[in-house]
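The structure appears below as structure tokens.
Where a number appears in this text, it was derived from the coordinates with a stated rule and is not lab data. Remember, it's a predicted structure, so these values are computed and weren't measured experimentally. Note that we place each Cβ from the backbone using ideal geometry, even for glycine, and neighbour counts take in every protein chain shown.
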Amino acid sequence: MINRYFLTFALVCSFAVPAAAQSIVRDCRIEPELIFQMMKAEYGSYNVWDVVQGEMNLDESFASGVVLESGNVLAVAEIASFGKPERGLKLVEFDQRGRLMWEAAHTVKDLTVVKKILATPTGFAVVGISRDAKSRGSIWMGFFDKVGKLTGQKTISSGKSSSLLPDDILLRGDGKGFILAAAVGNEKSDLFHAAIYHLNLKGDVTDTHAYMPGLDNRLRGLSATSKYEYVASGYLRGEDGRITGWILKLNEDGSLIWQRQYPRGKSAQINKAVPFVTESLIAAGTTEPLNGGNSAAWVMMIDEGTGNVVWQRYYTDALDQAATDAIVNADGLASIMVQNTKPAGVEATEDTEDFIRLLTVNERGVLTISDEYFNGAGAQGAQMIGGRAGERIILARTDIVYKIEPKPGQEVETLKHGWDGLIVAGAPMEHFDDPCIRANPFAQ
């Protein structure tokens, strides 16, 4: 009798709920602009695996990585001995559980920065910055086989008194060369203009295109949108001195399809724009408010055909925030990597230490979850890539405090800070059925 009652009650409710839902009007309008005040970070978000690598007398930072056909991750790290200007690099392969497979270290003369690694048809290419005796920067490219042996290298300079700095690089859609975004200019005055270099697989320059609107400009990120088209993103400084976000859509030969400026606040910069849902881009950047205060992470959905903004979101906190990278999964969800950094002049405490936040948003700009990653005394992210099983793999560095035991006659131990390489395979983005997008029996 009791079972029959509950079964009858359940059947009545199963018909009553959809009927009641029909009277509820769902508001599926997309808010064009929203500001989020983020809650205090809850460190220790779930990850699949993580690794910290480093030694007490070395600064080590993971700068970039690629996912191999096997699903393993090959990362490149920048290495420097304490107190010495020389830099080296190290290639490290990790399996899908974060276990070390092999590593290969190299000393490179005049290398000062390691920027990015790419897979090529024969192995890998690493891009960085080298400096001459007058501290002028040039583009350095190193070529490695599939087991990390350095097989060749190339240096590209401006040929003038200016520095030439790499910002991002892509393998061409046909796999026969590279597209490289670079900045030509004076580092002391911090004035640059953007240039696109076309290279063959040996690193030889085959063509260049300069882009010089405004007083100065720079292209921070490149992303392929199809086999023969890509987008470049960065900033430009107008004649009035205001810095605005900047996106260009380009053909593979460097010719312009469209370009748009995105002025926001006191200054704005777009660090990366990647293909999102059908015929759109998700853009990650940072903006400073006109009335002062901390910088905000800035995320936009943009129409790929026109550059028009569909929606934009700002994420603020007690720390300075900058959205630096983005990846998209098959469900149409985007993950945005946000660097949280202690503002200048703020006291260093546990609540002001740098950390990395991963935001998950859908095509309507709905924020579904925020994951925070932190290690040691601070973490700074360099790149995010997608793993074979949907992991969000962060290449980063972490500020480690080493305790030095007192020597005889000393009363207290001393502390020594150093950078260790940090790589985190964050949990995949969780599936999210937005009733305003997906088929749903209760939807209007």
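Identify, please: which residue in segment 263-312 is over 21 Å from VAL328 (Cα atoms) and of a type in the set (D, E, K, R) and is, among those, farthest from the chain's Cα centre (by Cα)? First the steps, then the outcome.
Kept after step one, since they are over 21 Å from VAL328 (Cα atoms), are these residues of segment 263-312: 263-268, 287-296.
Filter once more, so that each one left must be of a type in the set (D, E, K, R): 264, 266, 288.
Details: ARG264: 20, LYS266: 23, GLU288: 19 Å.
Across segment 263-312, the extreme among qualifying residues is LYS266.
Which ones in segment 166-176 are under 25 Å from the mean Cα position of the chain (by Cα) and surrounded by fewer than 21 Cβ atoms within 10 Å (Cβ to Cβ)?
Let us first name the residues in segment 166-176 that are under 25 Å from the mean Cα position of the chain (by Cα), namely 166-175.
If the condition is that a residue be under 25 Å from the mean Cα position of the chain (by Cα) and surrounded by fewer than 21 Cβ atoms within 10 Å (Cβ to Cβ), then LEU170, LEU171, ARG172, GLY173, ASP174, GLY175 are the ones that fit.
Give the residue, chosen from THR278, THR306, THR316, THR368, that is of a type in the set (S, T, N, Q) and under 20 Å from GLN261 (Cβ atoms). Show your work before the answer.
Values: THR278 fails: under 20 Å from GLN261 (Cβ atoms); THR316 fails: under 20 Å from GLN261 (Cβ atoms); THR368 fails: under 20 Å from GLN261 (Cβ atoms).
After applying the criteria, what remains is THR306.
Please state which of the following conditions LEU256 fails to meet, knowing it meets all the rest: (1) in contact (Cβ under 8 Å) with a residue 40 or more places away in the chain; (2) surrounded by fewer than 17 Cβ atoms within 10 Å (Cβ to Cβ); (3) not β-branched (Val, Ile, Thr).
Failing condition for LEU256: (1).
Scan ALA232, ALA210 and give me the residue that is in a strand (DSSP E or B), among the small types (Gly, Ala, Ser), touching a strand residue (DSSP E or B) at 6+ places or on another chain (Cβ under 7 Å) and surrounded by fewer than 21 Cβ atoms within 10 Å (Cβ to Cβ).
Just one listed residue meets the conditions, ALA210.
Would you point out the residue of segment 372-391, among those that are on the phi < 0 side of the Ramachandran plot, outside any strand (DSSP E or B) and small (Gly, Ala, Ser), that is farthest from the chain's Cα centre (by Cα)?
First pass over segment 372-391, keeping only residues on the phi < 0 side of the Ramachandran plot: 372-375, 377, 379-389, 391.
Imposing the further condition that a residue be outside any strand (DSSP E or B) reduces the set to 374-375, 377, 387-389, 391.
Imposing the further condition that a residue be small (Gly, Ala, Ser) reduces the set to 377, 387, 389.
Working: ALA377: 21, GLY387: 14, ALA389: 19 Å.
For segment 372-391, the residue satisfying everything is ALA377.
Taking interchain pairs and intrachain pairs at least six residues apart, which have beta carbon atoms under 7 angstrom, with the first residue in segment 146-161 and free of Cβ contacts under 8 Å to residues at least 60 places away in the same chain and the second among the acidic types (Asp, Glu)?
THR151/ASP145
Return yes when ALA182 is of a type in the set (A, V, I, L, M, F, W, C) and buried (at least 21 other Cβ atoms within 10 Å of the Cβ) and no when it is not. Write out each step before concluding.
On the way: of a type in the set (A, V, I, L, M, F, W, C): yes; buried (at least 21 other Cβ atoms within 10 Å of the Cβ): yes.
Yes.
Yes/no matrix, rows are residues, columns are (1) out of contact with any Gly (no Cβ under 8 Å at 6 or more places or on another chain); (2) buried (at least 19 other Cβ atoms within 10 Å of the Cβ):
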| site | (1), (2) |
| --- | --- |
| ILE196 | no, yes |
| LYS202 | no, no |
| VAL205 | yes, no |
| ARG220 | no, yes |
| LEU236 | no, yes |
| ILE270 | no, yes |
| GLY285 | no, yes |
| GLY293 | yes, no |
| GLU304 | yes, yes |
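Among the residues of segment 72-102, how many are over 20 Å from the mean Cα position of the chain (by Cα) and in a loop (DSSP other than H, G, I, E, B)?
Here the count works out to 11.
Would you mention how many residues in segment 281-299 are assigned to a loop (DSSP other than H, G, I, E, B) and among the β-branched types (Val, Ile, Thr)? Spell out the reasoning first.
Filtering segment 281-299 for residues assigned to a loop (DSSP other than H, G, I, E, B) gives 289-295.
Remaining after also requiring among the β-branched types (Val, Ile, Thr): none.
Selection size over segment 281-299: 0.
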